Structures are given as C-alpha cells and as structure tokens.
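Heads up, the thing below is written out as structure tokens.
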Amino acid sequence: MNIFITGASSGLGAALARHYAATLGTNAVIGLAGRDAERLEAVARSLSPASGAIYPFDIRDRKALEAAAHDFVSRFGAPDLVIANAGISAGTRGDDGNDLAILDDVLAANVIGLAATLQVFIPSMRARGGVLAGIASVAGIRGIPGSGAYSASKAAAIAWLEALRVELRGSGLRVVTVCPGYVDTPMTRRNGFAMPFLLRADIAALRVARAIASGRALVVVPWQMLLVSWILRLLPAFVFDRAFQRAPRKPRGNSARP
C-alpha cells in the first residue's frame, strides 16, 4: 500500500506513519513530507520494516510539492492513500491589522496547501482509485475567538473537501474529511488552556486511520467531540457569543507547524 502523508515530521502525521507501518509492515511504502529533514529522517527510521522516502519542504511551496509527488509516483507508483495533514495553528485578533499576515500564512498552509496536496496526486490515482484524506478540525465548526484564522482555515478546508468529494464521485477516488478534536502534539502544547477529550497522538492516529477506512465522508475524532460539534453548530448566535466571550484564547502570534 502506497501512502503519502504531509506534516509527517511530528504530531499526528508522524503517528499516522508509524501506525500504518506497524499495521502493514513490508506492504507499506510511505512518503513522509514536512519542513524538518532531521525529524523526518528520525520518523523514517522508526518505520522499519516499511519502506519509503522523505520529502523536506514547506507545504506552501507548490513547486516543491509537485516535485515530491512526481518523485514518489515515479519511484513507487501512485498512492493508494494521501493524507493532507500539514498545517499551522496561531492565535489572532480580527481587529488587529498586524494579524492579517498571520491569517494569510494560515490560509496558505491549511487551505491552499491541503488542496494542492490532494490535487497533485489525483491524475496518477484516477486509473487505480484510492483515498484522499484531509485533516480539518472541529475548530472549523464555529469561529472560535482568538483563533479566527485557524477556525476560518479549517472551515474552508471542510467546505473544499466536501466540494471535491462530490466532484470526484464515480471516479474511483474517495474523499474523506477528518475533524479531530484536541491531540497532544507540539502544536497543541502551546495552547496554555485545558483541552477537553485530549488524545495521545498514537491513539488519535489509530482512530483517524479507522475513520479513513470506514467509508464515511466526514468523521469527528473522538466521538465525544462529535457531540460538542453538534452543540456548537446548533447554538444560537447570542448564546455562542456569551459563552465564548470570556473563554480562554490561544496566545497571539503563537504559531507552529509540523
């Protein structure tokens, strides 16, 4: 099984790579993409007996992404599964013009990077079929104060993946949207507030992998966050505003990417 994962140098991406390597063994060929070559090498060494390659680049670099995809397909064949996991988390305020640069960066990584990751593999995957999985977030359900850029990016990712799913219907390619809650990663450790239903990265990877294999179009992980997401979606604006007005917020300008 050929698998390509972005944001694979740490956190959920690295945990997913290890999960598939442990599950599939020598049957797994895994492409690991991320910004940090040294950490990618460490993850790659942990995947034995699975094989594959590392691709250090920034997800916003379209040419580097295209080169990585071309190399992976040329060496190993088309992927059976692509997981667009790379992303940024950052605290922002919508009333501060200085944070527009952060918004631009977050959208470029979490939306354009996700879309480009899936698109670049579609031509090679059409003939054999496969799965395109996008990692969104329950933060995309409502606009979370202090995390406007992140919420907006994940809402856009959810909408983009939904449209892509319908566009590819009948093509042999299946699109899955996975919305995790809080996962214990270097990115979330910067939050500085209590995170309900926090999952260890390895447990989250197991549940995300099951979600991808389930055949469902959109999956929230863990199931408790599904209830939270439904409640958030149904809250009237005045209730949501009062409930979140004084809620803990992500530190501004505190960004991280795997």
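The values are calculated or read from the model by the stated rules, or taken from the named source; none is laboratory data. Computed from a predicted model, the values in this text were never measured in an experiment. Using ideal geometry, Cβ is built from the backbone for each residue, glycine included, and neighbour counts are taken over all protein chains shown.
So Ile112 fits all but one of (1) out of contact with any Ser or Thr (no Cβ under 9 Å at 6 or more places or on another chain); (2) modelled with pLDDT of 95 or more; (3) over 23 Å from Glu162 (Cβ atoms); what number is the exception?
Condition (3) is where Ile112 drops out.
Restricting the first residue to region 168-180 and requiring it to be over 15 Å from Pro79 (Cβ atoms), which pairs with a second residue that is hydroxyl-bearing (Ser, Thr, Tyr) and modelled with pLDDT under 95 meet a Cβ separation below 8 Å and a spacing of at least six or different chains?
From residues that are over 15 Å from Pro79 (Cβ atoms), the pairs are Cys179/Ser137; Cys179/Ser229; Pro180/Ser137.
Just checking, does region 220-233 include any residue being of a type in the set (A, V, I, L, M, F, W, C), within 30 Å of Ile3 (Cβ to Cβ) and modelled with pLDDT of 80 or more?
Here is the first cut: in region 220-233, the ones of a type in the set (A, V, I, L, M, F, W, C) are 220-221, 223, 225-228, 230-232.
If we keep only those that are within 30 Å of Ile3 (Cβ to Cβ) as well, we get 220-221, 223, 225-226, 228.
Remaining after also requiring modelled with pLDDT of 80 or more: 220-221.
Checking region 220-233: at least one residue is of a type in the set (A, V, I, L, M, F, W, C), within 30 Å of Ile3 (Cβ to Cβ) and modelled with pLDDT of 80 or more.
When region 107-133 is examined, which residues are found to be among the β-branched types (Val, Ile, Thr) and surrounded by 24 or more Cβ atoms within 10 Å (Cβ to Cβ)? Spell out how you get there, then give the answer.
Initial filter on region 107-133 (among the β-branched types (Val, Ile, Thr)): 111-112, 117, 120, 122, 131.
Thr117, the sole residue that qualifies.
Arg93: touching a helix residue (DSSP H, G or I) at 6+ places or on another chain (Cβ under 6 Å) and among the basic types (Lys, Arg), yes or no? Lay out the reasoning, then the answer.
On the way: touching a helix residue (DSSP H, G or I) at 6+ places or on another chain (Cβ under 6 Å): yes; among the basic types (Lys, Arg): yes.
Taking the combined requirement at face value, the residue satisfies it.
Within region 63-102, take every residue that is small (Gly, Ala, Ser), assigned to a helix (DSSP H, G or I) and at pLDDT 90 or above and give me the one that is farthest from Gly11 (Cα to Cα). Explain how you work it out, then say what you get.
Going residue by residue through region 63-102, those that are small (Gly, Ala, Ser) are 64, 67-69, 74, 77-78, 84, 86-87, 89-91, 94, 97, 101.
So of that shortlist, the ones also assigned to a helix (DSSP H, G or I) come out as 64, 67-69, 74, 97, 101.
After this cut, where a residue has to be at pLDDT 90 or above as well, the list is 64, 67-69, 74, 101.
Details: Ala64: 22, Ala67: 24, Ala68: 21, Ala69: 22, Ser74: 28, Ala101: 25 Å.
The residue in question is Ser74.
Of the numbered conditions (1) farther than 21 Å from Thr177 by Cα; (2) in contact (Cβ under 8 Å) with a residue 12 or more places away in the chain; (3) surrounded by fewer than 24 Cβ atoms within 10 Å (Cβ to Cβ), Phe72 fails exactly one; give the number of that condition.
(3)
Here's a check for you: in region 113-164, which residue that is part of a loop (DSSP other than H, G, I, E, B) and touching a Cys at 6+ places or on another chain (Cβ under 7 Å) is farthest from Ile59 (Cα to Cα)?
Narrowing region 113-164 to residues part of a loop (DSSP other than H, G, I, E, B): 126-129, 136-137, 141-147.
Then keep just the ones that are touching a Cys at 6+ places or on another chain (Cβ under 7 Å); that gives 136-137.
Working: Ala136: 15, Ser137: 18 Å.
Once the filter is applied, the top-ranked residue is Ser137.
Identify, please: which residue in region 29-62 is modelled with pLDDT under 95 and part of a strand (DSSP E or B) and is, among those, farthest from the chain's Cα centre (by Cα)?
Ser51
Looking at region 134-152, which of the residues that are in contact (Cβ under 8 Å) with a residue 60 or more places away in the chain and buried (at least 24 other Cβ atoms within 10 Å of the Cβ) is farthest from Ala163 (Cα to Cα)?
In the first step, residues of region 134-152 are kept if they are in contact (Cβ under 8 Å) with a residue 60 or more places away in the chain; the result is 135, 138, 141-142, 144-147, 150.
Among the residues that remain, those that are also buried (at least 24 other Cβ atoms within 10 Å of the Cβ) are: 135, 150.
On the way: Ile135: 15, Tyr150: 20 Å.
Result: Tyr150.
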